[in-house]
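Some notes on the structure that comes next.
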Amino acid sequence: MNDHHKLTPTLVEAVDVLAENLTASEPFVALEGAYTRLQGDAQARDLQQRFKQADAVLRERQANRTLTQADMAHYRTLQAEMQANALIAGYQQTQQGIVAYLQDINRDLSQLLGVDFAGLAKRSGCC
């Protein structure tokens, strides 16, 4: 920790309690479970990897203006497979739940503090 960013023991304790409560909350527990199930399925992981590779190829070929209809068809096929995979869809849904949950937490903290809590967290410590 930088010397100019020393936190008081009370603030450190409050942050620790917040972190413990967040990670024990239902949305985080659900996300952890969905992630574990997803990682335990080799077929779903393989599909994710193939989609990630197809996405990288698509972006590269778009940038180079060499994208073909076959590239797009392959990408769309993999995208449809991803959407149809229950484990992947469940994990994505729990991720969306976490985002909404954290937005609610940010809103509550921002109202309590009177500042945009997430905005403060994004700021660099230099300048």
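Summary of computed values
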item	result
Relative contact order computed over the chain (Cα-Cα under 8 Å; 6+ residues apart), in percent	25 percent
Hz values of 3J(HN,Hα) by residue in the stretch 75-90 - Karplus curve (6.51, -1.76, 1.60), Gly and Pro given as x	4, 5, 4, 5, 4, 5, 5, 4, 5, 7, 7, 4, 5, 5, 4, x
Whole-angstrom gap from the stretch 22-53 to the stretch 81-119, using each part's C-alpha centre	15 Å
Computed lengthening from Ala118 to Glu13, 0.36 nm per intervening residue step minus Cα-Cα distance	35.9 nm
Net charge over other residues, Cβ less than 14 angstrom from the Cβ of Tyr101 (K, R count +1; D, E count -1)	-3
Dipole-positive endmost among Leu38, Gln49, Val15 within the chain (Cβ charges, Cα centre)	Gln49
Nearest-ten-degree value, helix 26-39 long axis tilted from longest Cα axis of the chain	30 degrees
Label selected from (1) 37; (2) 58; (3) 27, the criterion being percent of Cα pairs over 22 Å apart as computed here	(2)
Kirkwood Rh and Cα Rg combined as Rg/Rh, the stretch 42-84	1.02
GNM flexibility winner over the chain from Phe117, Phe51, Phe28 (Cα, springs under 10 Å)	Phe117
Lys, Arg +1 and Asp, Glu -1 on Cβ, resulting dipole of the chain about Cα centre, debye, nearest 20	660 debye
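A short reminder: the numbers here are calculations on the coordinates, not readings from a lab. Everything quoted here is computed from the prediction, not taken from an experiment. A quick note on method: Cβ atoms are made from the backbone with ideal geometry, for glycine too, and the neighbour counts reach across all protein chains shown.
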